[in-house]
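Just so you know, all these numbers are worked out from the coordinates, no wet-lab data involved. Bear in mind the structure is a predicted one, so any value in this text is a computation, not a measurement. For neighbour counting, all protein chains shown are included, and Cβ atoms are generated from backbone atoms with ideal geometry for every residue, glycine included.
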Amino acid sequence: MEKVQLTIGEVAALAQDSLERHGCDNDNAAAVANVIARAERDGCHSHGLMRLPGYVAALDSGKVNGKARPEVEALAPALLRVQGDGGFAPLALQIGRDHLIEVTQKTGIAAMSLVNIHHFAALWGEIEPIAEAGLCAMACVSYKPAVIPAGGSKALYGTNPMAFGWPRKNAPPVVFDQASAVMARGEVMLAAREGKSLPDGVGVDAKGAATNDPDEVLKGALLAFGGYKGSSIAMMVELLAGALIGESLSVEAAVRDNNDGGPPRGGEFMLAMDPNLFGDADGWAERGEKLFGEILAQDGVRLPGDKRYLNRQESEKNGINITRENYDKILAL
Ligand code: NDP
């Protein structure tokens, strides 16, 4: 497959230009372009340039406000809400982040909800900067129904990812970010695009029969990871990123959505904690390192996020390779 090599800056510029041509103002386009470029940089191709046509479709259909002006409000001393103004999530996250960090450093623990946003990205991107500021952080977001509740037959939950970050003093934070489906839908789309078959147990076709064909799973539904356990996590995400914060559940998001291929309106829930204020300011970092040391002492084990960090080093040195087909699609936008 022919590849085109781009720098991270070139990926961001391509994305920004496309978004501005379809109605985003500079701030909104730059925030989304940054998220796309960082995804490509870290080898997270399912949430990089592949998503640009969806972002553009959502602008073209008028579903998303490309000139959104997100606003942060304090609901309680340790509770913030970002009103997303119907825009894509990245600008709302960017505007809310410093407020969340500042409040958490005073209160020890703080939550931030984001409402009236359209989220189409990987969650590590919003967790990592908060962990880099020295805080533990968690985030979760729902989408449209794609995952069957354990024992059921019909998609009800979104792929509902949840991410967690732990700060380290002399190393990049440890961040895991995982869908509550066995595999994120973006990964299934990528497999379909690349003509690959899926491992067993990822999903079912429209009739509910197990299949390894990604196209059939996209017409059918995904299964939750770990059976009923992942199913409960998906349920928790619906409650936190929907019911708790006054935003839509995945089923409600689907009813409202115009199916233009872009992200539906929804919400996001974030939690941050300052480990220096939990009573062991001198010990937490060392104890965390002890755990990581014990984990890595076992052969064949790595920390979550390490693959992304390796990909990042590689892209920063040698640029990013994207397929000619993907590149031509983006130029056409
Ligand atoms: P993966 O299953 O690929 O990875 C999940 C996590 O596990 C990552 O943090 C990964 O780290 C880690 N990991 C993988 N293999 C190992 C290993 N052998 N040892 C230790 N850790 C490991 O991700 P998913 O398919 O579940 O999700 C992909 C992305 O899709 C996520 O970023 C998620 O946020 C996004 N998503 C977004 C949605 C949205 O609506 N916005 C919906 C659903 C998903 P590493 O990166 O280092 O491999």
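Remarks
- For region 11-85, the relative contact order works out to 26 percent when only alpha carbon pairs closer than 8 Å and six or more residues apart are counted.
- About its Cα centre, the dipole of region 252-333 is roughly 360 debye, where the only charges are +1 on Lys and Arg Cβ and -1 on Asp and Glu Cβ.
- Using the Stokes-Einstein relation with a Kirkwood hydrodynamic radius computed over Cα pairs, the translational diffusion coefficient of region 186-333 at 37 °C and a viscosity of 0.692 mPa s comes to 164 µm²/s.
- Over region 132-185, the Kirkwood radius and the radius of gyration, each from Cα atoms, give a ratio Rg/Rh of 1.16.
- Over all pairs of different C-alpha atoms in region 97-166, the reciprocal of the mean inverse distance, the Kirkwood hydrodynamic radius, equals 13.7 Å.
- Near residue 67, once Lys and Arg are set to +1 and Asp and Glu to -1 for all other residues with Cβ below 9 Å from its Cβ, the sum equals -2.
- As a rough guide to protection, the peptides 249-257, 179-187, 69-77, 131-139 ranked by mean Cβ packing within 10 Å, highest first, stand as 179-187, 131-139, 249-257, 69-77.
- Relative contact order, percent, the chain [alpha-carbon distance under 8 Å, six or more residues apart]: 23
- The aspartates and glutamates whose alpha-carbon is closer than 12 Å to the alpha-carbon of residue 3, local same-chain residues fewer than 8 away aside, are 325, 328.
- Taking the charge dipole of the chain about its Cα centre, with +1 at Lys and Arg Cβ atoms and -1 at Asp and Glu Cβ atoms, the residue from 250, 237, 172 reaching farthest to the positive side is 250.
- Checked against a 23 Å cut-off, the cross-linked pairs 154/229; 106/290; 67/317 give Cα-Cα distances beyond that limit for 106/290; 67/317.
- Look at 295, 36 and count the other Cβ atoms within 10 Å of each Cβ; fewest to most, that gives 295, 36.
- Of the residues 55, 77, 88, the one whose Cα sits farthest towards the positive end of the charge dipole of region 1-111 is 77 (charges of +1 on Lys and Arg Cβ, -1 on Asp and Glu Cβ, taken about the Cα centre).
- In the frame of its principal axes, region 5-146 has Cα extents of 44, 33, 31 Å, reported largest first.
- Rg over Rh for region 205-275 works out to 1.05, both radii taken from alpha-carbon positions and Rh defined as the Kirkwood radius.
- Spread over its residues, the convex hull of the C-alpha atoms of region 169-230 is 98 Å³ per residue.
- Binning the alpha carbon pair distances of region 285-329 at 5 angstrom intervals from zero yields the distribution 5, 17, 14, 16, 16, 11, 8, 6, 6, 3, expressed in whole percent.
- The chain, helix-only ellipticity at 222 nm - DSSP H runs n ≥ 4, -39,500 (n - 2.57), divided by all residues, nearest 500: -12500 deg cm²/dmol
- Whichever lysines have a C-alpha closer than 26 Å to that of residue 63, once near sequence neighbours (fewer than 8 apart) are set aside: 144, 219, 329
- Taking packing as the residue-averaged number of other Cβ atoms within 10 angstrom, the listed peptides 167-173, 88-94 run from highest to lowest as 88-94, 167-173.
- Taking label positions 7 Å along the Cα-Cβ direction at both residue 73 and residue 312, the computed distance is 3.5 nm, reported to one decimal.
- Shape summary: the chain maps onto an equivalent ellipsoid whose semi-axes, from the alpha-carbon gyration tensor, are 28, 24, 23 Å in decreasing order.
- Separation of region 175-236 and region 83-109, taken as the distance between their Cα centroids, equals 31 angstrom.
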